[in-house]
Amino acid sequence: MSASIEITNVTKRYGALTVLDDVSLSIEAGEFVVFLGPSGCGKSTLLRMIAGLEDVTAGTIAVGGERVDTLPPGKRGVAMVFQSYALYPHMTVAQNMSFGLENIGMAKAEIGRRVEQAAATLEIAHLLDRKPAKLSGGQRQRVAIGRAIVKEPKAFLFDEPLSNLDAALRGRTRLELAQLHARLGSTMIFVTHDQVEAMTLADRIVIMHDRKIEQIGTPMEIYQRPASRFVAGFVGSPAMNFVPVKGVNENDGTLRIETCGLGDVAAAIRLPARFSPEGGSLGIRAEDVTVLPAGEAGIPLKADVVERLGDRTLIYGQLADGTKLAAETDGRSEARSGDTLQIALDTAALHLFDAAGIAHHAEGD
């Protein structure tokens, strides 16, 4: 069972403080959508308003075509999984999973069927008689998810459910969540500030910033065509390089961008009729900066820090004018701190940002 979710012109205020400002979003039935953004951007507040744990100041929320923002949480047809597992310590796993169904008077046979089915789906059937104190963090999170599954909701709402797990367990649980979505086909909304979780789980990512939605797109759309400098800097590790722009000159369909540090750069970027380079910046990701073989001439980059990650090497350095730039090269690179390297740019992968942070890309990029 899954349902679409329609958020229309939703605003949230606490007194004079506006936390969300006129947010609209359509989520398709069966879609896995991730709300991604820094702390304080409003992503958890929006999730809690869908769940009914926060009131809506203005606007409407509909689930499966039915308006729900005026309904109590239990009547909305959604189930929430919290950052903290919120399990009852004196109850067994089976009792934790069945408790909500018992409260609404569901028949014992149906409760048993749902608990067994959810436990099998999550591979925790052998844990049903244990209490939370005897479970690992990953097992407790599965129980919390199982408690949501037995409700057979129209949509699952996850509020940073992996943040309490260690790195290895977080990666494994992330994979399990992706597999769970594939099995259930349910609508899922997942809130996180972790871009790896967003990129690996989402059908679409909703980037939130400063009380609004900054961009909506598939993971690769967000990564390859960021709508703003904020998105470009927030998504990707390391963050995109930004080099100050001094001027632009368009001639015979070729755009030449005069920069600090990189000199004049040719780019196939289409600019609006009135574009001012003042306060603008040129963006390029580290993997689109090539470290040239010894003896080849390019743009000099003095290496400050060399970060070896096994399959790749990241070089953080400075251009001739002191502008900082990160480059990615082969994991077997012999570059050392203090070396002056020669680099080249993939000009097809450039992004130009105006003073307001709006992005301009190559056509068809």
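The single residue among T254, T313 that is buried (at least 19 other Cβ atoms within 10 Å of the Cβ), more than 20 Å from I358 (Cβ to Cβ) and among the polar types (S, T, N, Q) turns out to be T313. Taken over the stretch 113-135, the residue count meeting the criterion of being in contact with a helix residue (DSSP H, G or I) (Cβ under 8 Å, 6 or more places away or on another chain) and closer than 16 Å to T92 by Cβ is 15. Exactly one residue out of R229, R211 is touching a strand residue (DSSP E or B) at 6+ places or on another chain (Cβ under 6 Å) and at positive phi, and it is R211.
Checking the condition farther than 22 Å from M199 by Cβ, crowded, with 17+ Cβ neighbours inside 10 Å and in contact with a helix residue (DSSP H, G or I) (Cβ under 9 Å, 6 or more places away or on another chain), which residue from L325, L262, L301 passes?
Matching residue, one of L325, L262, L301: L325.
Only one of A107, A119, A94 is farther than 23 Å from F190 by Cβ, small (G, A, S), in the same structural domain as V34 (by TED's automatic domain parsing) and crowded, with 20+ Cβ neighbours inside 10 Å; which?
Going through A107, A119, A94 in turn, the sole match is A94.
One residue stands out in the stretch 124-149 among those that are under 27 Å from the mean Cα position of the chain (by Cα) and of a type outside the set (G, A, S): the one that is farthest from L165 (Cα to Cα), namely I149.
Out of curiosity, is D330 within 19 Å of M240 (Cα to Cα) and crowded, with 18+ Cβ neighbours inside 10 Å?
no
Using the structure shown, decide if G331 is without any contact (Cβ under 8 Å) to a residue 24 or more places away in the chain and small (G, A, S). Against the criterion (without any contact (Cβ under 8 Å) to a residue 24 or more places away in the chain and small (G, A, S)), G331 qualifies.
Criterion applied to A120, A86, A109 was being touching a residue at least 12 places away in the same chain (Cβ under 8 Å) and either assigned to a strand (DSSP E or B) or out of contact with any Ser or Thr (no Cβ under 6 Å at 6 or more places or on another chain) (or both), and the one residue passing it is A86.
Of the residues making up the stretch 328-349, those that are touching a helix residue (DSSP H, G or I) at 6+ places or on another chain (Cβ under 8 Å) and under 10 Å from I284 (Cα atoms) number 3.
The values are calculated or read from the model by the stated rules, or taken from the named source; none is laboratory data. Everything quoted here is computed from the prediction, not taken from an experiment. Every residue, glycine as well, gets a Cβ built from its backbone with ideal geometry; the counts of neighbours run over all protein chains shown.
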